[in-house]
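Report on one structure; see the data block that follows.
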Amino acid sequence: MKLCVIFAIVGLGISSPIAGGPSRTASPSKAVSPKKKTATAPTTQLDRKLLKNRGGEAKGKDSKHVPDWQPADGLTEVKYGSVSGKWDWGLCGCATCGNRYPRLAFEVPRHELSTSRTIDVTQSASDIDRNLLTASISAYPGGFRDSDTTSILIASFQGASGTELGKGVTKPYDGRNIPKAPKGGTGLVSCQASEIVPAGTKKIVFTWKSGVASLGC
């Protein structure tokens, strides 16, 4: 028996908890000098999506392999509406989730499968080492409704040598109880998690892990 888990879009970002704090207004009794023009700040990793090809939009040379994700065993990308019964036939995607989606399929008796990608965050090392940054994970995983499947997203914070310093993990869901889509036989759930990025982190290994719900993931 083949089990298949999907996601519409997945995201990972890092931000400063002090960003966007309360603004300060000048006292009306004091004159306010015109602001001087400053040079454009250099591009940073903060408040940006760190994952490329988040919804499997980029087409590779082989349609059975999704660019930027490894290992590719069981991982494919499919156009919405191209698989009868999964989504409504002819569905062309949506403004926020694109036109394609990744899926991870595995054969029983194998009960889990995962794929990962690595993000270099040395550019943000100064803020990370002062415990100023928070990593946020967001995703819409799912699969066929009533199937015994689940999946989790893991952000493993690692030092330069690959030693894990901490991690953020989304909660697993039970594919047998996910909400049904208006049309088709699939459903999606919203999964989110956030963790302070540990000091010493130089890279984040981001993993999508899927498995049999009744056996854990």
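Laboratory data are not the source of any read-out in this text; all were calculated from the coordinates shown. Bear in mind that the values here come from a model prediction, so they are computed numbers and not experimental data. Using ideal geometry, Cβ is built from the backbone for each residue, glycine included, and neighbour counts are taken over all protein chains shown.
Near the amide H of GLY185, within less than 5 Å, lie the amide hydrogens of LYS86, TRP87, all on another chain or at least 5 residues away, with H placed in the peptide plane.
Converting phi to 3J(HN,Hα) with the Karplus coefficients 6.51, -1.76 and 1.60 and the offset θ = phi - 60°, segment 159-173 yields x, 4, 7, x, 5, 6, 9, x, 7, x, 9, 7, 6, x, 10 Hz in sequence order, with x at every glycine or proline. Our estimate of slack between HIS111 and ARG130, defined as 0.36 nm per intervening residue step minus the Cα-Cα distance, is 2.8 nm. Quotient of the Cα radius of gyration of segment 112-217 and 2.2 N^0.38 Å, N being its number of residues: 1.23. Scalar couplings 3J(HN,Hα) for segment 108-124, obtained by applying the Karplus form with A = 6.51, B = -1.76, C = 1.60 to θ = phi - 60°, are 5, x, 5, 10, 7, 7, 9, 9, 9, 8, 10, 10, 7, 10, 4, 4, 9 Hz; x denotes Gly and Pro. Between LYS202 and GLN158, GLY159, ALA160, the built amide H atoms are under 5 Å apart, and every one of these is 5 or more places off in sequence or on another chain.
The Cβ shell under 12 Å around SER114 holds other residues with a net charge of +1, Lys and Arg each +1, Asp and Glu each -1.
Between SER190 and ASN177, the simple spin-label model (points 7 angstrom out along Cα→Cβ) gives 1.9 nm. Under 5 Å from the amide H of ALA8 lie the amide H atoms of TYR140, each residue being 5 or more positions distant or on a separate chain, with H modelled from the backbone and absent for Pro and chain starts.
Tell me, what is the FRET efficiency for ASP73 and GLN123 to the nearest 0.05, using R0 = 25 angstrom and their Cβ-Cβ distance as r? Efficiency computed from Cβ-Cβ geometry: 0.20.
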